[in-house]
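Undergrad: Before I ask anything, here is the structure I am working with.
Please treat every number below as a calculation from the coordinates, not as lab data. What you see is a predicted model; the values in this text were computed from it and never measured. No Cβ is skipped: glycine too gets one built from the backbone with ideal geometry, and neighbour counts run over all protein chains shown.
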Amino acid sequence: MGGFFGVVSKGECVQDLFYGTDYHSHLGTMRGGMASATRGQEGFDRYIHDIRTTQFRSKFEVDVQRMAGNYGIGVISDFDDQPLLIVSHLGVYAIVTVGRINNIEELKRRAFEEGRRHFTGVTAGDVSPTELMASLINKKESFVEGIRYAQEQIDGSCSLLILTKDGVYAARDRLGRTPIVLGSKQHAFAVTMESCAFFNLQYSHLRDLAPGEIVRITEEGVEQLHAGGGRMRMCSFLWVYYGYPASTYEGRNVEESRNACGAKMAQREKLEIDSVVGIPDSGVGHGLGYASESKVPYRRTFVKYTPTWPRSFMPQNQTARELVARMKLIPIVELVKDRKLLFCEDSIVRGTQLKDTIKRIFNIGAKEVHMRVACPPLLYGCPYLNFSRSKSENELIARKKINLIEGRDESAPCEPDAEYLDSDSEKYQEMCRLIAEHIGITSVRYQRLEDLIDAIGIGAENLCTYCWNKKG
């Protein structure tokens, strides 16, 4: 998915930029980058590194010593090299983006037809979405006009930061699918996707940008250039999985939401179990909520070894991902053997890694292993953000079991009937039974969509729930 951080200061901003960007490392898997500029001067300091196997801080700790400036932007990207440096009639600027452009081929074709000869920001043979956004912005006579035009042209979503010698522009995508939060401290202002980046850098929360809002940040403050507003469809998965527990979006803290989500799952059943377990890291908040509501003790049956093992989805190779997932989670045998356990997980995508984990738990000696999933079954790939970029809908475990019930090949394309979206229907229950059987667990239950929406707490009308019911 990716995340970004920007800062404008009357003094040096590079340290804040470095640590603020680093606080987005959980959102991206491929590239990290920073750019800085000094007030009123031409030129930028810029560095970009591959962060697939090494932490952001390790890759940039030397570069930080070489950078200087009052203004800066940084990004953790899951796809292309950023920030890009652009020379245009609007001036020289650096740009970072977060989002997804589905009609990139159409926009590229139109650009060639209009006389553009080439794009330079190529990643894995594709046009850089960030450079494409810059090319659209440059069609207009101001950054505000250009940003609004670019966002109207794309199918998908795009939030962005633009660094100039006169300040930083920030623009939230038209439907607010990703957050942008403004903060301030003495002599400095910052903009971030994860508000958790503010606290240790001593920034106070100012406000969230509205969907489609555009602002310019200078040493004097934040100037609104386009009000935006209107309809918002923010990604629900930020509260379920992607968001960091210490972050707050639209007034709703991530950890509070996950606690409420777990509690709602516990309210719908009475199960005889010995302990509740949250699969680290995102399942922990849900598990704590379940344990508190059910009055069943929470136990750290798994501990996560993070000093040397990165996140499990970072490697591009599935075999490597499975190895990382296996090696980083260490079970505590004494808390497993002869116990009835309930695991809370944020979601089940394909179930491959989870199947291996459950097998290990039973081999240790668990009596029962129940799984409670913090969101409904995933039935659709996300067309707005990149968290499902490499996954085919036909690989989703729920889709495979639907095909099995309907007598089709497991990998055949299908459009799920309405019954598979109804938690009380017989087909839905059979789908869950087959998923539990496939993974090897005693039982599985998914969060009801209405309960998840209530746990998030900002209203169904403000949330994107496309991956569960195709309503984006």
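Undergrad: So if I take the alpha carbon set of the stretch 253-469, get Rg, then get Rh from the Kirkwood formula, what is the Rg over Rh ratio?
TA: Numbers: Rg = 16.8 Å, Rh = 17.8 Å.
In the stretch 253-469, Rg relative to Rh is 0.94.
Undergrad: Report the Cα centroid-to-centroid distance between the stretch 11-38 and the stretch 419-441 in angstrom, as an integer.
TA: Using only Cα atoms to place each centre, the spacing works out to 43 Å.
Undergrad: Mean separation of Cα pairs under 8 Å and 6+ residues apart, divided by the residue count of the stretch 3-232: what relative contact order is that in percent?
TA: Relative contact order, the stretch 3-232: 21 percent.
Undergrad: Checking the table 108/470; 295/401; 140/471; 304/355; 108/140 against a 24 Å threshold on Cα-Cα, which pairs fail? Before the final figure, lay out each step's value.
TA: Details: 108/470 27 Å; 295/401 33 Å; 140/471 33 Å; 304/355 18 Å; 108/140 17 Å.
Those over the limit are 108/470; 295/401; 140/471.
Undergrad: Related question: Within a 10 angstrom radius of the beta carbon, how do 454, 338 rank from fewest other beta carbons to most? It would help to have the intermediate numbers written out before the result.
TA: On the way: 454 15, 338 9.
Going from sparsest to densest Cβ surroundings: 338, 454.
Undergrad: Same structure again: Return the percentage of antiparallel bridges among DSSP beta bridges fully within the chain, rounded to the nearest 5 %. It would help to have the intermediate numbers written out before the result.
TA: Numbers: 67 of 84 bridges.
Within the chain, antiparallel bridges account for around 80 percent of the total.
Undergrad: Kindly write out, for the stretch 7-18 in residue order, the coupling ³J(HN,Hα) from the Karplus curve 6.51 cos²θ - 1.76 cosθ + 1.60 (θ = phi - 60°), rounded to whole Hz, with x marking Gly and Pro.
TA: Here the 3J(HN,Hα) series is 8, 10, 9, 6, x, 5, 10, 5, 5, 4, 4, 4 Hz.
Undergrad: Moving on to the next point. Indicate, rounded to the nearest 5 percent, the antiparallel portion of the DSSP beta bridges found entirely in the stretch 253-469.
TA: Numbers: 3 of 18 bridges.
Among the beta bridges of the stretch 253-469, antiparallel pairing accounts for roughly 15 percent.
Undergrad: With the crude spin-label approximation of a point 7 Å out along Cα→Cβ, what separation in nm comes out for residue 114 versus residue 220?
TA: Result for the modelled spin labels: 3.3 nm.
Undergrad: Shape of the stretch 380-472 from its Cα gyration tensor (a ≥ b ≥ c, root eigenvalues): rounded if a/c is under 1.5, otherwise prolate when a/b > b/c, or oblate?
TA: Details: a/c = 1.84, a/b = 1.31, b/c = 1.41.
Taking the square roots of the gyration eigenvalues as a ≥ b ≥ c, the stretch 380-472 is oblate.
Undergrad: OK, next. Whole-Hz ³J(HN,Hα) for each residue in the stretch 203-213, computed from phi via Karplus 6.51 cos²θ - 1.76 cosθ + 1.60 with θ = phi - 60°, x for glycine and proline: what do you get?
TA: Values per residue, Gly and Pro as x: 8, 9, 5, 8, 5, 8, 5, 7, x, x, 6 Hz.
Undergrad: Enumerate the calculated ³J(HN,Hα) couplings along the stretch 44-49 in order (Karplus 6.51 cos²θ - 1.76 cosθ + 1.60, θ = phi - 60°), each rounded to whole Hz, writing x wherever the residue is Gly or Pro.
TA: Result, rounded to whole Hz: 9, 9, 9, 9, 9, 9.
Undergrad: Counting each DSSP H run of 4 or more residues in the chain as -39500 (n - 2.57), what helix-only mean residue ellipticity at 222 nm follows after dividing by all residues, to the nearest 500 deg cm²/dmol? Can you show the working numbers first?
TA: Values: 15 runs with 138 residues, N = 472.
Per the formula, -8500 deg cm²/dmol.
Undergrad: Can you tell me the order of 142-150, 393-401 when each peptide is scored by its average per-residue count of other Cβ atoms within 10 angstrom, highest first?
TA: The densest-packed peptide leads the list: 393-401, 142-150.
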